[in-house]
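What follows is a short report on a single structure.
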Amino acid sequence: MERADQPWHRKLHWRIILGLVAGLLFGVLAAAQGWGEFTADWIAPFGTVFLNALKLIAVPLVLASLITGVASLSDLRKLSRIGGKTIAIYVATTAVAIVIGLALVNIVRPGRFVPEGMRNELQAAYAEDATSREAAAESAQERGPLQILVDIVPDNFFAAASDNGRMLQVVFVALFIGIGIVLIPRDTARPLLDVVEGVNQVVIRLVDVIMLFAPIGVFALMAGTITSVAGDDLGRIVRLIGALGAYCAVVVVGLLLHVTIVYGSILRFLTPMSIGRFARGMAPVQLVAFSTSSSGATLPVTMERCEQELGIPEEISSFVLPLGATINMDGTALYQAVASVFIAQALGMELGMMAQLTILLTAVMASIGTSAVPGAGIIMLVIILESVGVPSAGIALILGVDRILDMLRTVTNVTGDATVATLVTSMEGTLAPVEAPAT
Ligand code: ASP
């Protein structure tokens, strides 16, 4: 199966867009007609199957490709150099995202547009949901500063590999095994490497196979999301967006600015990658991120497209991308900054310079700690709110529109990972000149 030059592969993103738009229209129609139950029973499961298939191959893909990648490094110092650069760039771009969010939310002040009646209504309607998010945040709050380090090293390989939420542990195990392979004689390592390389090839091909079903999966995910957010009452979501329109607009404009200006400039001025080739290569990844709201589930697609379409070598993509999916969430950080100031504004609280600085620091940490799954960003938002003394129950104000913003911030998150992977590759001087497929 020759993939990159096959017609279905070239047209992939158009077919996914078709699925997405059709799913959107069907979801709106289903909500308007009261077909919520039908959609949940007969349409949404196809989305779950697509999502599960992607998640299914995430751990084997990261393990196999990272072991192969590290084992192919002749010099282990290269690994620490790439690691240092990657983490520094990840943190820097996240900080920039937060600054953009804070600047916009302070200029526009969307909190003043929420009428008092609506505020009370929202707080009453989402009080229960907000309490469950606060409870989820509690365990994260009790962790010591070095807990993240402890969490990276699993005490059991199978436990780590059986939980998609422990991707950092899988990365650690793969690095560790890869290092072991480099340290033993090549001849002794060969049989093991052959197996791992074989697994790697198989999994990469399976991403292609799963992506054949992406249009159907995306259709079902979109239809299911819309009916579950709107229930059988489309008017509710329209009213919510009306009341929280200014807040949503600030988040969306912030994300757009970050993607176009920050990522655009990185690609344009710091790498030889053309924006067109990057956009074409990343379109299916962004569409899958949008419809799944999970950078973790999108990871196999991100890795496959970065390697095949952007020319990023496996030794970099297999390390930078899983790490990015777990710790680099610029979209989430930007949203968390906007949301925390918005909630304070809506509750009539003024946040001074010190508080905003605290938001900057805690949002960097919170976005690193956010899991790559739908809705994780709002749980970590509780921690940011508490660090600046804003009642965390205030998240009730924004819960109604969170899923929509989640989709957009996840797109930003995966785009950021690929941008940094491109930058690191270009800094290493190993960006492969892949011809962009015609669309
Ligand atoms: N859904 C986001 C992601 O997976 C995380 C979040 O902001 O909730 O990237």
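A short reminder: the numbers here are calculations on the coordinates, not readings from a lab. As the structure is a computational prediction, the values presented were derived from the model and not from experiment. We place every Cβ from the backbone using ideal geometry, glycine too, and count neighbours over all the protein chains shown.
Things worth noting here:
- Along the chain, longest interval not containing exposed GluC sites (Glu not before Pro), exposed being DSSP loop plus at most 11 other Cβ atoms within 10 Å: 143-349
- Note on the chain: dipole from Cβ charges, positive end direction compared against Thr298, Leu51, Ile383; the farthest Cα belongs to Thr298.
- Residue among Leu66, Leu385, Leu257 with the largest mean-square fluctuation in a Gaussian network model of the chain, springs linking Cα atoms under 10 Å: Leu257
- Summing Cβ point charges (Lys, Arg +1; Asp, Glu -1) relative to the Cα centre of region 252-370 gives a dipole of roughly 260 debye.
- Point-to-point label distance, Ala92-Ile241, nm (Cα→Cβ direction, 7 Å offset): 3.8 nm
- Anisotropy class of region 112-244 from Cα gyration tensor, a/c 1.5 cut: oblate
- Angle between the chain longest axis and helix 245-257 axis [Cα atoms, degrees, rounded to 10]: 20 degrees
- ³J(HN,Hα), Karplus 6.51/-1.76/1.60, whole Hz, each residue of region 114-125, x for Gly, Pro: 8, x, 4, x, 5, 4, 5, 4, 5, 5, 6, 5
- Using Cβ point charges alone (K and R +1, D and E -1), the dipole size of region 196-276 about the Cα centre works out to roughly 220 debye.
- Thr302, Thr326, Thr260 arranged by Cβ crowding within 10 Å, fewest neighbours leading: Thr260, Thr326, Thr302
- Selection from Val21, Gly331, Met273, by position along the positive dipole direction of the chain (Cβ): Met273
- Between helix 353-369 and the chain there is an angle of about 50 degrees, using the helix long axis and the longest principal axis of the Cα atoms.
- Volume per residue that the Cα convex hull of region 335-439 spans, once the total is divided by residue count, Å³: 135 Å³
- Compactness of the chain, taken as the C-alpha radius of gyration over 2.2 N^0.38 Å, stands at 0.98.
- Proxy reagent accessibility, fewest Cβ within 10 Å first, across Val390, Val153: Val153, Val390
- The chain: most fluctuating residue of Ile316, Ile179, Ile107 per GNM, C-alpha cutoff 10 Å: Ile107
- Helix 127-141 axis versus longest C-alpha principal axis of the chain: approximately 40°, rounded to the nearest ten.
- About its Cα centre, the dipole of the chain is roughly 920 debye, where the only charges are +1 on Lys and Arg Cβ and -1 on Asp and Glu Cβ.
- Using a simple spin-label model with pseudo-atoms 7 Å out from Cα toward Cβ, Ala249 and Lys11 lie 3.9 nm apart.
- Residues whose amide H falls under 5 Å from that of Trp35, counting only those 5 or more places apart or on a different chain, are absent, with hydrogens built in the peptide plane.
- Per residue, the average separation of C-alpha pairs within less than 8 Å and at least 6 apart gives region 161-311 a relative contact order of 24 percent.
- Ellipticity estimate at 222 nm from DSSP helix runs (n ≥ 4, -39,500 (n - 2.57)) divided over the chain, nearest 500: -25000 deg cm²/dmol
- Prolate/oblate/rounded call for region 1-119, Cα gyration tensor, a/c under 1.5 rounded: oblate
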